[in-house]
Amino acid sequence: MNAVAEVRRAIRWGLRHGFIRKALGKRRREGDITARLMLDAAFVADPFPHYATIRAQGRFVDNGIVLNTAHHDLATAVLRSPDFGVIGGPSGPAPAPLRYAVAAAGRGPLGPVEPPSMLSTDPPDHTRYRKLVTRAFSAKAVAALRSRTEEIAAELLAEMAAKGAAADLIEDYASLLPATVIAEMLGAPVEMRRQFLRWGEGAALSLDAGLTYSQFRRSERDIEALQEWMQGHFAHLRRHPGDNILSALVHAHDDGERLTEDELTSIAMLLLAAGFETTVNLIGNGVGLLTAHPDQLALLRAEPQHWPRAVDEVLRVDSPVQRTGRVAHRETVVAGDRVRAGQFVVLMLGGANRDPAVFADPDRFDVTRPNAGEHLAFSSGPHFCLGAALARMEGEVGLRALFDRFPDLTISGPPRRRPTRVLRGYATMPVRLSPATVGA
């Protein structure tokens, strides 16, 4: 990258993260718990007691930058309200210095937090994008994928067993299972799955606010690399179309009216990365919880009909997505609380999923919990996760197959959490497999 491009990147970082990081740092020094949740490693490692503290402070907690809530009913109401969206409404002309800075920053890569990403668009564009791919993620389509997912899980577990008694659960299994499934669904080369995972790690960083410059640069570089590869893959699909989602999207673009080039690229990149990011965390978090609660694992072995509910309980107790944000398009009252137009609201999904007003004894991990499915791990409203049914199926198949094959699996060393705050999962998890099944 030349010097001019690097300067533009630095300006983009300042506009999107540097100012926020400075403001959060000031609030952290003043003892603000919401700022510490964003910046302090100890708080990121175990945020749940702090969510409870925030919930006790009020329905909405204003830190001078955003409103925060860890209340289930309030988060649900905001997510479902037409008065909120993922992008702000008209706010008048920006000050001249800001306009100059935005112009000098130039355009960055097509990341997941900026339009035309489905994560960053409101209806009607968001509705139009979802309609193009919803059928591929329907309950019927996911049910048809179950047997293939079971085959992939069995293949990966056999490869783990052949390596010996030790493995890394994330690298050898939890990441590869969903990466293989989504690559086959989309029509992307399966042999590139580890590269997709590396690019996905960088893209995942971009979901957080207040990144360091090093993190921001890594994120943009990985997104740029994925974008360049995807656009080259589109050329391949035009020459060799197939019966897959990416081919269908290319066809929709080439029709000339349904998708622009940026829309095509952004949707395809998001489907690929989101297709494994949540499930990697779901499987890893599930292994962490089940090995820490052997009584619950024993219950599942005795009564396997509880596996679907167990997956929802994992999603509730240790949510792969911990927070999301919305902007009030207009002054409104939501669940009895007034919010002014233009106010940004942070919804602490991980905290809402442990709200005692909804979940009895919320910190207890119970795979038979009757209302476990009321969690907000997949959001709610118009942006409810497109791949929720797929993630649930992969989580159930992946966890059940793992413990069926290795019933005495144990965590053999300290696992390491990912550095991200929006996404919560493990980067590494060393495990020891059941001796009787190794090499089998």
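The values are calculated or read from the model by the stated rules, or taken from the named source; none is laboratory data. This structure is a prediction, so every number in the text was calculated from the model and none was measured. Here Cβ is always computed from backbone atoms with ideal geometry, including for glycine, and neighbour counts include all displayed protein chains. Quick note on the areas: whole protein, heavy atoms, side chains included, nothing else; ligands and nucleic acids left out. Shrake-Rupley method; radii C 1.70, N 1.55, O 1.52, S 1.80 Å.
Which order do Phe19, Phe344, Phe234 take when ranked by solvent-accessible area (1.4 Å probe, heavy atoms of all protein chains), largest first?
Numbers: Phe19 140, Phe344 80, Phe234 0 Å².
Accessible-area ranking of Phe19, Phe344, Phe234, largest first: Phe19, Phe344, Phe234.
Estimate the FRET efficiency between Ala360 and Glu261 by the formula 1/(1 + (r/R0)^6), using the beta-carbon distance for r and 60 Å for R0, to the nearest 0.05.
Values: r = 51 Å, r/R0 = 0.85.
Efficiency for this residue pair is about 0.75.
Just add up the charged neighbours of Phe365: K/R +1, D/E -1, any other residue whose Cβ is under 13 Å from the Cβ of Phe365.
On the way: positive: Arg309, Arg316, Arg354, Arg364, Arg369; negative: Asp295, Asp312, Glu313, Asp318, Asp361, Asp363, Asp366.
Within the 13 Å Cβ shell, the charges total -2.
Tell me, how many Å apart are the Cα centres for the range 223-280 and for the range 284-359?
Their Cα centres are 30 Å away from one another.
Among rounded, prolate and oblate, which fits the range 16-88 when a ≥ b ≥ c are the square roots of the eigenvalues of its C-alpha gyration tensor, a/c under 1.5 means rounded, and a/b larger than b/c means prolate?
Details: a/c = 2.04, a/b = 1.29, b/c = 1.58.
Here the range 16-88 falls in the oblate category.
With only Lys, Arg, Asp and Glu charged, each at its Cβ (+1 for the first two, -1 for the last two), find how big the charge dipole of the range 167-237 is about the Cα centre; round to the nearest 20 debye.
Values: 6 positive and 11 negative charges, 30 e Å.
Result for the range 167-237 is approximately 140 debye, rounded to the nearest 20.
Per residue, how many Å² of accessible area does the chain show with a 1.4 Å probe? Mind showing how you got there, number by number?
Numbers: 19020 Å² over 440 residues.
Value for the chain: 43 Å² per residue.
Mind checking the full-extension length gain between Ala143 and Ala45? Use 0.36 nm per residue of separation minus the Cα-Cα distance, one decimal, nm. Present the calculation step by step, with values, prior to reporting the outcome.
Working: separation 98, 0.36 × 98 = 35.28 nm, distance 3.49 nm.
My answer for the length gained is 31.8 nm.
From the square roots a ≥ b ≥ c of the eigenvalues of the alpha-carbon gyration tensor of the range 317-423, which class results: rounded (a/c under 1.5), prolate (a/b over b/c), or oblate? Walk me through the numbers on the way to the answer.
Values: a/c = 2.21, a/b = 2.04, b/c = 1.09.
Note, shape of the range 317-423 comes out prolate.
Check which residues have an amide H placed less than 5 Å from Val321's amide H, if you skip close sequence neighbours.
Amide H neighbours of Val321: Arg424.
Give me the percent of accessible area attributable to carbon and sulfur for the chain, probe 1.4 angstrom. If you can, show how the numbers build up before the last one.
Numbers: 10580 of 19020 Å².
Accessible surface attributable to carbon and sulfur in the chain totals 56 percent.
Show me, for the range 343-351, the HN-Hα J-couplings you get by feeding each phi into the Karplus relation (A = 6.51, B = -1.76, C = 1.60, θ = phi - 60°), rounded to Hz, glycine and proline as x.
6, 8, 10, 9, 9, 7, 4, x, x
For labels at Glu150 and Val7 in the simple 7 Å Cα→Cβ model, what's the distance in nm?
If labels sit at Glu150 and Val7, their model points lie 6.1 nm apart.
What full-extension length gain, to one decimal in nm, is calculated for Arg194 and Arg59 as 0.36 nm per residue of separation minus the Cα-Cα distance? Intermediate values should be presented prior to the final figure.
On the way: separation 135, 0.36 × 135 = 48.60 nm, distance 4.23 nm.
Between Arg194 and Arg59, full extension yields an extra 44.4 nm.
Around Arg417, which amide H atoms from residues at least 5 apart in sequence, or from another chain, sit under 5 Å from its own amide H, with H modelled in the peptide plane?
HN-HN under 5 Å from Arg417: Ala427.
Which distance in nm do the two modelled labels at Arg301 and Asp243 give, with both placed 7 Å along the Cα-to-Cβ direction?
Taking the simple label geometry, Arg301 and Asp243 are separated by 4.1 nm.
Take the Cβ-Cβ distance between Ser434 and Ala103 as r, set R0 to 60 Å, and report the resulting FRET efficiency rounded to the nearest 0.05. Please report the intermediate quantities before stating the final value.
On the way: r = 60 Å, r/R0 = 1.00.
With a Förster radius of 60 Å, E is 0.50.
Cα gyration tensor of the chain, axes a ≥ b ≥ c as square roots of the eigenvalues: rounded (a/c below 1.5), prolate (a/b > b/c) or oblate? Write down the numbers at each step before the final one.
Values: a/c = 1.58, a/b = 1.18, b/c = 1.33.
Because a/c hits 1.5 or more and a/b fails to exceed b/c, the chain counts as oblate.
As a test question: what accessible area, to the nearest 10 Å², does Lys26 have when a 1.4 Å probe is rolled over all protein chains in place?
Solvent-accessible area, nearest 10 Å²: 110 Å².
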